[in-house]
Amino acid sequence: MELIVCKTYEEVSQVSAKVVAEVMKAKPNAVLGLATGSTPEGMYAELVKMNKAGEIDFSDITTVNLDEYYPISPENDQSYRYFMNKNLFDHVNIDKSRTNVPNGAAPDGEAEAKRYEAFVRSLGGADIQVLGIGRNGHIAFNEPDEELVPETHVTGLTEDTIDANARFFASAADVPTKALTMGMGTILSAKKIIIIATGAGKHAALSQLLKGTVTTKCPASFLNLHNNVVVVCDEAAYNG
Ligand code: F6R
């Protein structure tokens, strides 16, 4: 596991964008696994800048996002599809038909989870998967539990996650209580993984990951089973 500790959020964003850009340059038709949340917003802004400057090309890129609320319409401004359009897809030369987010409007969530899993597997997994980390160590919507699920599935959200996401909704009561999420195996099928953590609130989860052991109480710790992981964090997340 490679660890890069940066001074500022800006530096975290630049370094992370560079890691993703390297994969895109080496493989112009790469599959990018993407995450939402506040942490990667700066990284997406950097990727947009690099695309506008002609440094990176999205024309042959395919994307697969980690997760989506369920149920939610893609037009809802709190949906992860909306977030991705707003933060990245609307500003780069990507073919939108090759951008994939689990369909929060699918009538049958379980069937959608199966379809999405088969689709990601048919691509051979992501060439690079971008991850954030929850305060409780979750990755995507894989929450700490006695057992974790390998494949894309429908899951209930924990109180902690509903609280953390409530800032994006009018109130905690408006946060959807379920999500479609890649499972641990779907995530680990990526050839390379970059996990980004900023702010002191992420210190406990990051420390558990960096400890090097594996526990279902911290889903991010499963990245210790993967042989190509880059951790990019700021000093606040690293030192607490
Ligand atoms: C987002 C996702 C989540 C976030 C995590 C951290 O697609 O899967 O697991 O990565 O909740 O969110 P932020 O970056 O908002 O702290």
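What the table below lists for this structure:
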| item | result |
| --- | --- |
| Residues satisfying the stated conditions in segment 77-105, i.e. touching a residue at least 24 places away in the same chain (Cβ under 8 Å) and part of a loop (DSSP other than H, G, I, E, B) | Gln78, Ser79, Leu88, Val92, Asn93, Ile94, Asp95, Val101, Pro102, Asn103, Gly104, Ala105 |
| Lone qualifier among Glu147, Glu110 - being surrounded by fewer than 15 Cβ atoms within 10 Å (Cβ to Cβ), away from the ligand (no atom under 16 Å from the Cβ) and in a loop (DSSP other than H, G, I, E, B) | Glu147 |
| Enumeration of residues in segment 118-130 that are assigned to a helix (DSSP H, G or I) and open to solvent by less than 10 Å² (accessible area, probe 1.4 Å) | Val120 |
| Scope segment 217-230; condition assigned to a loop (DSSP other than H, G, I, E, B) and either touching a residue at least 24 places away in the same chain (Cβ under 8 Å) or open to solvent by less than 40 Å² (accessible area, probe 1.4 Å) (or both); matching residues | Lys217, His226, Asn228 |
| Pairs with Cβ under 6 Å, 6+ apart, first in segment 128-148 and at positive phi and at pLDDT 95 or above, second part of a loop (DSSP other than H, G, I, E, B) and within 6 Å of the ligand (Cβ to nearest atom) | Ala140/Leu66 |
| Residue match in segment 49-59 (condition: open to solvent by less than 20 Å² (accessible area, probe 1.4 Å) and within 16 Å of the ligand (Cβ to nearest atom)) | no |
| Subset of segment 199-234 [closer than 13 Å to Gly137 by Cα and within 14 Å of the chain's Cα centre (by Cα)] | Pro219, Ala220, Leu223 |
| Test: Val214 is away from the ligand (no atom under 13 Å from the Cβ), open to solvent by less than 50 Å² (accessible area, probe 1.4 Å) and at pLDDT 95 or above | no |
| Qualifying residue in segment 193-205 (condition: open to solvent by 50 Å² or more (accessible area, probe 1.4 Å) and under 17 Å from Ser16 (Cβ atoms)) | no |
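The values are calculated or read from the model by the stated rules, or taken from the named source; none is laboratory data. All figures in this text were calculated on a predicted structure; none of them were measured in a lab. Don't worry about glycine lacking a Cβ; one is built from the backbone with ideal geometry, like all the others, and counts go over all protein chains shown. We work out accessible area using only protein heavy atoms, side chains counted, and drop any ligands, DNA or RNA first. Shrake-Rupley method; radii C 1.70, N 1.55, O 1.52, S 1.80 Å.
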